[in-house]
Amino acid sequence: MVTGASSGIGRATALLLLEHEYRVIGLARDFSKFECDAGGFTAVSVDLSELDKLPARLEQISADHGPVDAVVCCAGSGHFGSLEEFSYRQIGRLIDLNLTGQIYVVRAVLPAMKRRGSGDIVLMGSEAARSGGKRGAVYSAAKFGLRGLAQSLRQECASSGVRIGIINPGMVKTEFFDALDFAPGEEEYNYILPGDVARAVREMLESRPGTVIDEINLSPQKKVIRFTPAKDD
């Protein structure tokens with residue numbers, strides 16, 4: 001299962017896994033820009049920020065598609081600014097999608113993985129999960145929370161056969177920046193590509209049984225931030 005599978009890191013991950021003959025259940029709000037006809041791919045429309053509906057929706061997905069061997073949580077969005085620039089609704093939505101929705105997904109699949117004695121959960125963190133920055137308080141709070149989740153679950157699941165890992169990419173060249181007023185620099189060493197992250201996911205999933213890759217940090221060789229005209233939300 002790959003969340004956020006319709007774009008960016010999630011799409012690159014789904015495509016790479018399909019290329020290597022995985023069966024992939026892709027979760028996303030909207031698949032209109034990603035029409036994948038691969039035989040092993042199943043697209044499921046779901047909004048991870050709709051927390052009141054999410055548990056029942058995840059239960060139905062599990063019932064429809066059977067046991068899930070691995071979950072890669074790529075869904076997320078970014079919104080940046082000083083804390084007082086955020087409405088309370090914006091704070092809630094950002095935390096719901098980037099943190100609470102991910103916890104719900106893991107909660108839904110973890111019991112069955114523990115009963116089987118195997119499974120992989122890969123969370124998508126961020127460089128913002130390792131160091132908070134100016135104008136990123138809410139986003140960093142969510143990503144720090146996700147990293148804490150990974151570290152705690154790693155210990156909780158150590159004897160159950162379920163492996164927990166987190167990947168913390170720096171600036172990845174994706175649609176993530178389309179609605180923001182900044183982006184990575186334009187030289188190829190100023191950004192990470194989605195495929196770079198997808199390969200790290202595969203490395204985690206295919207590591208030797210009994211070995212856990214707890215955390216992978218990916219960074220552009222040279223970090224450059226390019227400021228762009230402000231865009232409407």
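Taken together, the values in this text are just the output of simple stated rules run on the coordinates, not laboratory data. As the structure is a computational prediction, the values presented were derived from the model and not from experiment. For neighbour counting, all protein chains shown are included, and Cβ atoms are generated from backbone atoms with ideal geometry for every residue, glycine included.
Listed by first and then second residue, the pairs with beta-carbon distance under 6 Å, at least 6 apart or on different chains, first residue in the range 35-63 and free of Cβ contacts under 8 Å to residues at least 40 places away in the same chain and more than 15 Å from Pro111 (Cα to Cα), second aliphatic (A, V, I, L, M) and assigned to a loop (DSSP other than H, G, I, E, B), are Arg57/Val46. Against the test of being within 15 Å of the chain's Cα centre (by Cα) and of a type outside the set (Ser, Thr, Tyr), the options Lys134, Lys114, Lys143 yield a single qualifying residue, Lys143.
Among the residues of the range 104-163, count how many are small (Gly, Ala, Ser), surrounded by fewer than 21 Cβ atoms within 10 Å (Cβ to Cβ) and at positive phi. Residues flagged as small (Gly, Ala, Ser), surrounded by fewer than 21 Cβ atoms within 10 Å (Cβ to Cβ) and at positive phi within the range 104-163 amount to 2. Only one entry of Glu85, Glu59 meets the criterion of being closer than 28 Å to Ala183 by Cβ and surrounded by fewer than 12 Cβ atoms within 10 Å (Cβ to Cβ), and that entry is Glu85. Considering the range 117-233, the qualifying strands (runs of 3 or more DSSP E), each wholly inside and each with 1 or more residues that are among the charged types (D, E, K, R), run over 119-124, 162-169, 215-218, 225-227. Filtering the range 150-209 to residues that are touching a helix residue (DSSP H, G or I) at 6+ places or on another chain (Cβ under 9 Å), in contact (Cβ under 8 Å) with a residue 60 or more places away in the chain and not hydrophobic (A, V, I, L, M, F, W, C) leaves Pro169, Thr174, Glu175, Pro194, Gly195, Arg199, Arg202.
Considering the range 68-95, the residues that are out of contact with any strand residue (DSSP E or B) (no Cβ under 9 Å at 6 or more places or on another chain) and in a loop (DSSP other than H, G, I, E, B) include one that is nearest to Ile121 (Cα to Cα), namely Ser77. Among the residues of the range 168-186, the ones that are buried (at least 18 other Cβ atoms within 10 Å of the Cβ) and over 14 Å from Lys143 (Cβ atoms) come to 5 in all.
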